[in-house]
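Before any comments, here is the structure.
The values are calculated or read from the model by the stated rules, or taken from the named source; none is laboratory data. The shown structure was predicted, so the numbers you read here are calculated from the model rather than taken from an experiment. Don't worry about glycine lacking a Cβ; one is built from the backbone with ideal geometry, like all the others, and counts go over all protein chains shown. Quick note on the areas: whole protein, heavy atoms, side chains included, nothing else; ligands and nucleic acids left out. Shrake-Rupley method; radii C 1.70, N 1.55, O 1.52, S 1.80 Å.
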Amino acid sequence: MTQLNLEQVKDLLAAVSDAVPDAMTCDQCFELISVFADSQLQGTPPNVSLESVATHLKQCPCCAYEYERLLVSLAVDPQENG
């Protein structure tokens, strides 16, 4: 078994402390991801259901990747709207 060094432990604790509960499933996120992208592109603040999408995207690499691919397909830099 590999032991973590002090820096890895600090990084792990920081990630855990920054985590928030994610009540949204990937399927639910996919249903709203285009609406979320439109909201982001228009610069409108997200409503409550879209805030859940934002939370999910921060915690789910698969959905975040799909969101980035969507923005790329719309010819938008994902870093500008993240």
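Pairing each residue of the range 49-72 that is under 12 Å from T25 (Cβ atoms) with any residue that is open to solvent by 40 Å² or more (accessible area, probe 1.4 Å) and of a type in the set (F, W, Y), provided the two are 6+ apart or on different chains, yields C-beta distances under 8 Å for C63/F30. Restricting the range 12-33 to residues that are open to solvent by 60 Å² or more (accessible area, probe 1.4 Å), in a helix (DSSP H, G or I) and modelled with pLDDT of 75 or more, the residue that is nearest to E66 (Cα to Cα) is F30. When D77 is tested against (1) at pLDDT below 85; (2) open to solvent by 100 Å² or more (accessible area, probe 1.4 Å), only condition (2) is not met.
Among the residues of the range 34-61 satisfying the criterion of being outside any helix (DSSP H, G or I) and surrounded by 13 or more Cβ atoms within 10 Å (Cβ to Cβ), which is modelled with the highest pLDDT? Spell out how you get there, then give the answer.
Kept after step one, since they are outside any helix (DSSP H, G or I), are these residues of the range 34-61: 43-47, 60.
From what's left, surrounded by 13 or more Cβ atoms within 10 Å (Cβ to Cβ): 46, 60.
Values: P46: 73, C60: 90.
Filtering first and then ranking leaves C60.
Would you call N5 surrounded by 11 or more Cβ atoms within 10 Å (Cβ to Cβ) and either within 16 Å of the chain's Cα centre (by Cα) or at pLDDT 85 or above (or both)? Let's see the steps before the verdict.
Numbers: surrounded by 11 or more Cβ atoms within 10 Å (Cβ to Cβ): no; either within 16 Å of the chain's Cα centre (by Cα) or at pLDDT 85 or above (or both): yes.
No: the conditions fail for N5.
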